[in-house]
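Worksheet for the structure shown next.
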Amino acid sequence: MGNYGYICNKCKLSVRGGEKAVLRHIRHGQLAGETRGCYDGYGGVVEDKVFNGFEGDFWGPADGSAVFAPDTLDDWQGANDPGMSAHPNSHRQLWLSQYKLDDSKGFIEGARVFGGKPLDWMGFRAAAPAAGIADLSKKMYATWEALTPYSESHTQPPLSGVEAWHAYCFEKAKPQAKEAHVISESDPDQSWGKPRKKYL
């Protein structure tokens, strides 16, 4: 698994592995959870194994009889299933907020409009057969590529995802900036680099 990182909302520099960070789970514009500690390079902090970690997740029934990697929205929303994780800051819930909700940055950037609705690839695959498009056919791929990206028609900023700060920057940020809950950009360098003294 490769590293993953964010750009700090204040200084606009990457939050590197080993640097002290404040990570906030934002869902629909509201604070759903927060953690602080040394950034682990994987979307969480070393001191907290639940925030964006797998200790807060179950990847199948609680008895371990069927381990699977969910790939549909329903699989990820198993809050009513006692065998599925319902922790608001688990990896599953952070993934949902970053990529699957219609106001998440990942969904807005990756979805396309089909039948008047924004759909990600898996949603399109589920809907396409009803329109006479065979699953994983050449026509399906061609149709997907020709669809209008949702981001071209969506003018509002994302409201669900992760808000990331260096701890140093967070302490110096104005209250209005902290309350704005701006979803952070992904770090193209994947949090690589030597930790900087300023942020330790």
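The values are calculated or read from the model by the stated rules, or taken from the named source; none is laboratory data. Everything numeric in this text was worked out from a predicted model, so none of it was measured. Don't worry about glycine lacking a Cβ; one is built from the backbone with ideal geometry, like all the others, and counts go over all protein chains shown.
Among the residues that make up segment 59-67, is at least one of them out of contact with any strand residue (DSSP E or B) (no Cβ under 9 Å at 6 or more places or on another chain) and modelled with pLDDT of 85 or more? Steps first, answer last, please.
First, the residues of segment 59-67 that are out of contact with any strand residue (DSSP E or B) (no Cβ under 9 Å at 6 or more places or on another chain): 59-67.
Keeping just the survivors that are modelled with pLDDT of 85 or more gives none.
Within segment 59-67, not a single residue is out of contact with any strand residue (DSSP E or B) (no Cβ under 9 Å at 6 or more places or on another chain) and modelled with pLDDT of 85 or more.
Yes/no per residue for (1) free of Cβ contacts under 8 Å to residues at least 12 places away in the same chain; (2) surrounded by fewer than 16 Cβ atoms within 10 Å (Cβ to Cβ); (3) on the phi > 0 side of the Ramachandran plot:
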{"site": "SER97", "(1), (2), (3)": "no, no, no"}
{"site": "PHE107", "(1), (2), (3)": "no, no, no"}
{"site": "GLY116", "(1), (2), (3)": "yes, yes, yes"}
{"site": "ARG125", "(1), (2), (3)": "no, no, no"}
{"site": "PRO129", "(1), (2), (3)": "yes, yes, no"}
{"site": "LYS138", "(1), (2), (3)": "yes, yes, no"}
{"site": "THR143", "(1), (2), (3)": "no, no, no"}
{"site": "THR155", "(1), (2), (3)": "yes, yes, no"}
{"site": "GLU163", "(1), (2), (3)": "no, no, no"}
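Every condition in (1) surrounded by fewer than 17 Cβ atoms within 10 Å (Cβ to Cβ); (2) charged (D, E, K, R); (3) more than 19 Å from GLY33 (Cα to Cα) holds for ASP187 except the one numbered (1). Consider segment 167-200 and keep the residues that are among the hydrophobic types (A, V, I, L, M, F, W, C) and assigned to a loop (DSSP other than H, G, I, E, B). The one that is nearest to GLU109 (Cα to Cα) is ILE183.
In segment 165-200, the qualifying residues are those that are free of Cβ contacts under 8 Å to residues at least 60 places away in the same chain and closer than 20 Å to VAL45 by Cβ, and the one that is nearest to the chain's Cα centre (by Cα) is LYS178.
Here is the figure for segment 102-124: residues that are basic (Lys, Arg) and either assigned to a loop (DSSP other than H, G, I, E, B) or modelled with pLDDT of 95 or more (or both) total 1. Is it the case that TYR141 is farther than 30 Å from ALA32 by Cα and not small (Gly, Ala, Ser)? Yes, satisfied.
Taking the criterion of being of a type in the set (Ser, Thr, Tyr) and either surrounded by 21 or more Cβ atoms within 10 Å (Cβ to Cβ) or in contact with a Ser or Thr (Cβ under 7 Å, 6 or more places away or on another chain) (or both), the residues of segment 5-54 that qualify are TYR6, SER14, TYR39.
Can you find a residue that is closer than 24 Å to HIS87 by Cβ, in a loop (DSSP other than H, G, I, E, B) and polar (S, T, N, Q) anywhere in segment 14-35? Explain how you work it out, then say what you get.
Keep residues of segment 14-35 that are closer than 24 Å to HIS87 by Cβ, which gives 15, 17, 20-35.
Now restrict to residues that are in a loop (DSSP other than H, G, I, E, B): 15, 17, 28-29.
Restricting the remaining residues to those that are polar (S, T, N, Q) gives none.
No; the residues of segment 14-35 include none that is closer than 24 Å to HIS87 by Cβ, in a loop (DSSP other than H, G, I, E, B) and polar (S, T, N, Q).
Only residues that are over 12 Å from HIS181 (Cα atoms), hydrophobic (A, V, I, L, M, F, W, C) and in contact (Cβ under 8 Å) with a residue 40 or more places away in the chain were counted in segment 1-39, giving 8.
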